[in-house]
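Note sheet for the following structure.
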Amino acid sequence: MPENEHAYGSDDAAYSPKNAEEAAEEPNEKLDRLTIESIFPYKYRQGQKNIIDKIYSVITQGKHLAMESGTGTGKTISAITPALVAALRSKKRIIYLTRTNSQQRQVILELRKLKEKLPEDILPENSILGIGLQGRKNLCPLIRKDPELARGSPEELSKICSDKKNIARRLLTGDDVTDDERPRACKYFGNVCVYDKSELMSWVSSKLPTPEDINEFCAKHELCAYEINKTLVKNALLVTAPYIYVFNKFIRQYLLDWMNCNIEDIYLIIDEAHNLPEFARELSSAELSIYSLGKARDEAIKFNNPEVHEGIFVSELCDHLQEILYMFQDSYLMDDDGFVPPSELEVELMSRFTITSKALEEMINELLAHGTAIQDARRKRGRLPRSYIHSIGAFLLFWHASDTERFTKLIRKGDNTKLEVYCLDPAVITAVCSEFGASVHMSGTLRPLDEYRDSTGLPTDTFCERFESPFPTGNLVKYYLPDVTTKYDQLAQNKLLIPKLQDYIVQLGNGTDKSTVIFFTSFGLMKRFVDDGVLNRIKRKTFQELQGMRQPELMELVNRFKQVKNSVLLAVIGGRISEGLDFPDEELEVALLVGIPYPKPTAKHRALEHYYEVKFGKGWEYAVHAPTTRKLLQSIGRLIRNENDRGFALILDSRTKRFQKDLDGLKESWDPVKDLKDFFKG
Ligand code: SF4
């Protein structure tokens, strides 16, 4: 977590509304003449002007926009340009949130284009048009070199960084530093403190480096890129950063401090916003596993097994918690998970130790205090400041404090049985979007937009708009098969269904030589097809996404699939291939979706459906239909990445008809091989 401090020795003037106001006191004709048309760096694509006008209108009204804009609409530049004009005129700032580092790079590249068109001196003195912010894991040379630190959470890394900087600072100012402490000083931070940043500032403001460029520059000069970025953020009109910088309230506060700006003076843009509700739910949930209880027990023994209440020691508490988890597993687990009655854990602990609820709260506080002491001891030895005892304390506190309306409590099975407090309401943290000066939430697959607005807690007067892709609609066809399904009870009743689906896949796989991805609704279903020999019947080179594949392995697999023209790739819907990768031109031309990716009817999912039913009267629509629609659209969306792309999508499931409204132009197919051949002949 970032620290609430300004870099030592950094006295550069910050870009702030106040500075901008002072600059604006002098008549600024350039600002008056600034228009979107005068700086937009490309020829407008079809429909792009409408998007830009809408965003400008919403931002200047101080409102919010949930917007789906199809492939090829140029979302990034369409959002940045009006936001930039509005921000310059109203002396505000912009935060542009992305999911991946490559999207940050794209933002900076687009800003460079805009910069070429911006009148000179339009920015206040000492300011930078834009900067990319990343986390310590990407930027800290010490973390990158140390495998233990590389496993640290943002909070743990923040603590260790803070310690290393503190020592470096004391070394610089000549304060006492012990021989034990000296090796822990961060030389990269020390270098930042004494570095003359004027040259860096002029390089950054003239060249607009990408985060990678800044990283390279810092590596060359042995500077901490994280600290340098913090310094630069102060002077940046636009900051592009990962979601966590806004949706973790502590990190957000640091970011606002670094920017020297109030939240209402910032326009917020969220890219790939369809990810936000689930990101927010996960960020607001917590788990306690059998594994971490074992680790906490080991930690307790190593640190003299501290007492947490009269006669109760940490190891004993861990043993009881493990027993309770197994007991809950036996009592409440239905399939993958099960509901745990809200206060059951507290009642069980109080009865086992014969203590009151007040004593239980004291016990939790003791766990936290012992955990903090262990974290400090480890930090002082230059180790990752991790304490499993602290994690247990934090989990029990969270469990105890979570309300039953917006959180559900679960036991989950697996090799590592877990208790989970799951957040049902993303608005617990996303509602902060309404506090920004304006916000734009955009994605290629955001429909149904009212569900997104309601789930994220945006105001009811939020604008919800859909903008179509400018690419020829005939370039993408969508079919579904009405005579097959992967519906669980029908598969159980009709043993011929799976062989029929497999025959279709084989015929389609052999019916074309176009690069094809077969998307399955689960790894289990994919395995069934592979085990039944489907791959041997397809006379083409095949590749297969495997469960738990690490990112480099996955990228290698995808690259090989792209290199071997006309091959077939097996992947899962909702996975990294279906949601995050681009396959332009002939890299992908056919997508076969085996089944509808409905969420599994787990206890967690039933709780979500119930929550939306109670809150909006739309349990099925919001908890089932909406996420399923987005997954279908994401998978099909891999086919068309530019205006020359052509794609054939076929969903092998009769239930697809329910999505007719969201899958524009969806057609029924009774002879899919013919339809496939006809499409590419045409
Ligand atoms: Fe890493 Fe040092 Fe920078 Fe902290 S100040 S992020 S420890 S290089």
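The values are calculated or read from the model by the stated rules, or taken from the named source; none is laboratory data. In this text, all values refer to a predicted model and were calculated from it rather than measured experimentally. Glycine also receives a Cβ, built like all others from the backbone with ideal geometry; neighbour counts cover every protein chain displayed. Accessible surface is based on the protein model in full, side chains and every heavy atom, while ligands, DNA and RNA are left aside. Shrake-Rupley method; radii C 1.70, N 1.55, O 1.52, S 1.80 Å.
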- Message: Any residue at all in region 590-606 that's closer than 27 Å to E643 by Cα and either of a type in the set (D, E, K, R) or open to solvent by 40 Å² or more (accessible area, probe 1.4 Å) (or both)?
- Response: no
- Flagged in region 515-555 as touching a Phe, Trp or Tyr at 6+ places or on another chain (Cβ under 7 Å) and part of a loop (DSSP other than H, G, I, E, B), in numbering order, are Q547
- Query: Based on what the data block shows, is E272 within 30 Å of L65 (Cβ to Cβ) and either at pLDDT below 95 or open to solvent by 30 Å² or more (accessible area, probe 1.4 Å) (or both)?
  - Reply: yes
- Query: From the list L133, L114, which one is within 19 Å of Y267 (Cα to Cα), within 16 Å of the ligand (Cβ to nearest atom) and either open to solvent by 20 Å² or more (accessible area, probe 1.4 Å) or not assigned by TED's automatic domain parsing to the domain that holds G382 (or both)?
  - Reply: L133
- Message: Being in a helix (DSSP H, G or I) and crowded, with 18+ Cβ neighbours inside 10 Å: is that true of R352 here?
- Response: no
- Task: May I ask you to verify whether E556 is under 23 Å from E643 (Cα atoms) and of a type outside the set (A, V, I, L, M)?
- Result: no
- Confirm whether L535 is among the aliphatic types (A, V, I, L, M) and open to solvent by less than 80 Å² (accessible area, probe 1.4 Å). yes
- Message: With among the aliphatic types (A, V, I, L, M), assigned to a helix (DSSP H, G or I) and free of Cβ contacts under 8 Å to residues at least 40 places away in the same chain as the only criterion, which of I55, I51, I59, I77 stands out?
- Response: I77
- Task: Please identify the pairs in which a residue from region 126-154 that is among the hydroxyl-bearing types (S, T, Y) has its Cβ atom under 7 Å from the Cβ atom of a residue that is assigned to a loop (DSSP other than H, G, I, E, B), counting only partners at least 6 apart or on another chain.
- Result: S127/Y15; S127/N235
- Item | Residue list for region 148-160, restricted to those being more than 8 Å from the ligand (Cβ to nearest atom) and within 23 Å of R252 (Cβ to Cβ) | G152, S153, P154, E155, E156, S158, K159
- Assuming V428 fulfils every condition listed in (1) in a loop (DSSP other than H, G, I, E, B); (2) in contact (Cβ under 8 Å) with a residue 60 or more places away in the chain apart from one, which condition is it? (1)
- Quick check: is even one residue across region 161-169 away from the ligand (no atom under 12 Å from the Cβ), open to solvent by 20 Å² or more (accessible area, probe 1.4 Å) and either without any contact (Cβ under 8 Å) to a residue 12 or more places away in the chain or under 30 Å from R386 (Cβ atoms) (or both)? no
- Take region 80-105 and flag every residue that is surrounded by fewer than 19 Cβ atoms within 10 Å (Cβ to Cβ) and in a helix (DSSP H, G or I). R89, S90, N101, S102, Q103, R105
- Going by the conditions given, is L368 open to solvent by less than 50 Å² (accessible area, probe 1.4 Å), under 16 Å from W399 (Cβ atoms) and without any contact (Cβ under 8 Å) to a residue 60 or more places away in the chain? yes
- Query: Looking at region 244-266, which of its residues are over 16 Å from the mean Cα position of the chain (by Cα), open to solvent by less than 10 Å² (accessible area, probe 1.4 Å) and not aliphatic (A, V, I, L, M)?
  - Reply: W258
- Within region 443-459, is there a residue that is assigned to a loop (DSSP other than H, G, I, E, B), basic (K, R) and either touching a Pro at 6+ places or on another chain (Cβ under 9 Å) or at pLDDT below 95 (or both)? yes
- Using the structure shown, decide if P599 is part of a loop (DSSP other than H, G, I, E, B) and within 18 Å of L652 (Cα to Cα). yes
- Note on the structure: Restricted to region 202-228 and to residues being in contact with a strand residue (DSSP E or B) (Cβ under 7 Å, 6 or more places away or on another chain) and open to solvent by less than 10 Å² (accessible area, probe 1.4 Å), the residue nearest to the ligand (Cβ to nearest atom) is P211
- Would you say P499 is in the same structural domain as I573 (by TED's automatic domain parsing), assigned to a helix (DSSP H, G or I), surrounded by fewer than 18 Cβ atoms within 10 Å (Cβ to Cβ) and at pLDDT below 95? no
- Message: Of everything in region 192-201, what is within 16 Å of the ligand (Cβ to nearest atom) and open to solvent by 50 Å² or more (accessible area, probe 1.4 Å)? Give them in sequence order.
- Response: V194
